[in-house]
């Protein structure tokens with residue numbers, strides 16, 4: 001792809017030998033400037049040391065300078081040792097970068113749970129990683145992958161020239177409240193840290209938290225936005241562009257779910273509240289029966305109705321409406337349609353399910369993927 | 001199998017032509033005596049007319065005389081028409097049996113959602129069904145199956161000679177709060193209706209509601225116990241035997257989940273409350289990643305830990321312990337074990353996962369099955 005980073009950012013990647021495949025497994029994002037940032041992380045009780053450490057740094061309100069990510073090992077459920085290994089990881093990078101305060105380096109780890117981080121390999125790789133810094137995002141986007149089939153990068157440019165680059169990984173164990181998903185958004189737009197933090201929670205809620213692949217949640221997830229403050233822009237335009245980039249990354253993550261062959265977008269309207277709409281949309285996109293029907297191009301709207309019924313949201317069953325690829329299949333009672341024709345319309349890489357709860361005016365969207373035999377194969381054979 | 005019904009019961013089955021396969025799809029349970037009964041049904045907002053009708057009858061507190069079940073069509077999401085069709089279904093059976101009050105006949109339907117019940121076929125079949133009554137449970141147990149690979153019957157005899165026979169169906173869409181699960185338990189033991197109703201909620205909570213196949217819930221599920229009051233027995237022995245029969249049926253349902261190759265039993269101890277223990281056990285047995293690992297005989301305890309972390313229960317992570325097939329794999333931090341040997345021990349039809357939350361003294365169990373490529377195949381191709 002060859003996508004240049006926003007002003008004031010450098011990135012690097014290399015293979016440190018964590019992944020048995022020998023593929024790149026170490027990525028660095030760095031700025032010579034202090035970076036404003038906002039952060040969201042997993043709500044799983046089990047949290048990797050990188051999550052806990054970044055959270056603590058976040059509450060200090062201080063800017064950061066670098067973010068280092070390793071794939072192939074989550075350094076999670078590794079006891080006290082894992083906390084020290086994570087600290088050492090940050091320390092090795094800070095030293096190689098000549099950064100005095102090790103807290104200025106954020107860390108992220110993704111991969112197998114419960115194995116000790118090969119800290120010697122990381123320490124040994126740090127100088128070469130720092131040496132490899134350049135202006136493209138692509139190598140870093142590749143190095144953060146685990147079972148992802150492709151790297152995920154999204155770019156946007158604002159009217160005044162400010163730029164936004166998002167990179168993410170995510171594949172299995174992806175689910176609301178930040179599951180195995182790492183998402184990093186970099187911008188050179190000038191923005192006050194408080195403003196950025198105010199936006200971020202809402203952006204994450206309507207984008208990354210609306211993606212589900214398998215309903216499992218990971219202890220390592222985080223979404224971070226970093227700004228180098230180099231280019232002036234209009235605030236409202238920036239907020240919208242950040243949300244747009246986050247949404248496109250969320251869609252890419254859903255589309256690339258383990259074993260997935262299609263992106264499922266569920267749009268819920270007529271909800272009593274935005275929360276209800278989001279909960280209902282996620283309930284549909286999470287249902288294994290809906291996901292399997294989507295895989296088989298089966299216009300089985302009964303499974304959608306039943307998923308809504310179990311979602312715990314307010315709806316008016318006598319007026320509730322469901323459509324598949326824009327074709328109404330249910331409206332209080334079954335609507336006549338041609339199953340063969342609709343099945344052919346479903347046989348694409350993008351399936352759109354729309355549900356009107358007939359209970360209010362709020363709406364919400366969730367993204368997911370179909371359930372294929374390949375998902376089972378990947379997860380029966382791969383130790384995450 | 002040829003298992004005789006308890007005293008005071010007759011059963012029948014035949015193929016009414018609802019299933020395209022021509023297999024039996026109509027079952028009758030009948031008694032010449034008034035039957036004491038207790039009832040639990042789905043909590044899905046979407047409820048089939050049979051569920052609503054039985055609920056209403058249940059609140060009357062009156063005994064019943066017969067239960068008729070059809071498979072191949074759920075008569076759900078069929079609007080007003082479905083309500084009348086269900087009433088007609090009960091009426092046809094009452095007439096053929098010579099029962100004056102149509103409310104004395106309970107109904108249950110399972111199968112595809114959203115298609116009109118072929119009421120003419122059912123009406124035509126009613127006299128032959130009534131004619132076919134005999135003393136064995138087996139034909140009825142077969143006629144209630146949908147994608148089940150085998151019929152599910154459990155028998156128990158009390159010391160005084162009273163008997164209990166349970167029959168059930170369940171395969172996909174099985175999940176707590178009564179998903180596509182029909183379970184009927186018949187006994188000739190003398191028991192007061194109020195006593196039976198007092199027990200039933202608790203029995204269902206610790207047995208059928210602890211089974212999950214895919215996290216989906218069905219609008220047609222019900223569990224009913226019926227007593228013909230013919231043989232005296234000790235009350236406590238009866239309560240325990242009923243729970244035992246319900247538990248064995250629950251295990252059979254889990255073991256026969258769509259595409260399943262093994263029964264997974266998750267036992268949670270050290271919980272702050274029974275509710276916490278049950279919630280945690282279900283969270284583990286529901287996780288697609290745990291289920292896929294079980295399928296691949298992968299001792300991937302990280303996925304179990306992460307499922308507990310997301311379950312919303314109280315636990316002490318520093319002391320939490322996990323074992324697989326009795327081998328401790330985690331206790332606050334990873335415990336050394338031989339992965340190859342443990343994987344070989346997991347390669348059986350019964351996998352036992354034990355989790356000690358280290359937060360109290362309560363315990364609970366849940367049952368489920370592994371996730372195989374066959375599950376996807378069944379659900380991508382079968383319109384439920």
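The values are calculated or read from the model by the stated rules, or taken from the named source; none is laboratory data. Please read these numbers as outputs of a predicted model, since none were measured by experiment. Glycine gets a Cβ as well: all are built from the backbone with ideal geometry, and neighbour counts include every protein chain shown.
Quick one: would you say residue A:159 is assigned to a loop (DSSP other than H, G, I, E, B) and over 24 Å from residue B:334 (Cβ atoms)?
yes
Take the residues in the range A:50-94 that are in a helix (DSSP H, G or I) and in contact (Cβ under 8 Å) with a residue 60 or more places away in the chain; name whichever of them is nearest to residue A:12 (Cα to Cα).
It comes out as A:93.
Read through the list (1) part of a helix (DSSP H, G or I); (2) buried (at least 19 other Cβ atoms within 10 Å of the Cβ); (3) at pLDDT 95 or above, then give the number of the only condition that residue A:166 fails.
All conditions are met except number (1).
Scan the range A:194-209 and tell me whether some residue there is modelled with pLDDT under 95, crowded, with 24+ Cβ neighbours inside 10 Å and more than 29 Å from residue A:32 (Cα to Cα).
yes
Yes or no, residue by residue, for (1) modelled with pLDDT of 95 or more; (2) buried (at least 16 other Cβ atoms within 10 Å of the Cβ):
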{"residue": "B:66", "(1), (2)": "yes, yes"}
{"residue": "B:75", "(1), (2)": "no, yes"}
{"residue": "B:101", "(1), (2)": "yes, no"}
{"residue": "B:107", "(1), (2)": "yes, yes"}
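What number of residues within the range A:244-277 are within 9 Å of residue A:364 (Cα to Cα) and assigned to a helix (DSSP H, G or I)?
Total meeting the criteria: 4.
What number of residues within the range B:224-243 are outside any strand (DSSP E or B), in contact (Cβ under 8 Å) with a residue 40 or more places away in the chain and over 14 Å from residue B:38 (Cα atoms)?
Matching residues across the range B:224-243 total 7.
Answer yes if at least one residue in the range B:40-51 is farther than 19 Å from residue B:182 by Cα, assigned by TED's automatic domain parsing to the domain that holds residue B:115 and at pLDDT 95 or above, and no otherwise.
Checked the range B:40-51: no residue is farther than 19 Å from residue B:182 by Cα, assigned by TED's automatic domain parsing to the domain that holds residue B:115 and at pLDDT 95 or above.
Take the range A:126-152 and flag every residue that is surrounded by 21 or more Cβ atoms within 10 Å (Cβ to Cβ) and in contact with a strand residue (DSSP E or B) (Cβ under 6 Å, 6 or more places away or on another chain).
Those that are surrounded by 21 or more Cβ atoms within 10 Å (Cβ to Cβ) and in contact with a strand residue (DSSP E or B) (Cβ under 6 Å, 6 or more places away or on another chain): A:129, A:137, A:140, A:141, A:143, A:144, A:145, A:146, A:148, A:152.
Quick one: residue B:83 ticks every box in (1) crowded, with 18+ Cβ neighbours inside 10 Å; (2) in contact with a helix residue (DSSP H, G or I) (Cβ under 9 Å, 6 or more places away or on another chain); (3) within 14 Å of another protein chain (Cβ to nearest Cβ) except a single one, so which number is it?
Among (1) crowded, with 18+ Cβ neighbours inside 10 Å; (2) in contact with a helix residue (DSSP H, G or I) (Cβ under 9 Å, 6 or more places away or on another chain); (3) within 14 Å of another protein chain (Cβ to nearest Cβ), residue B:83 violates only (1).
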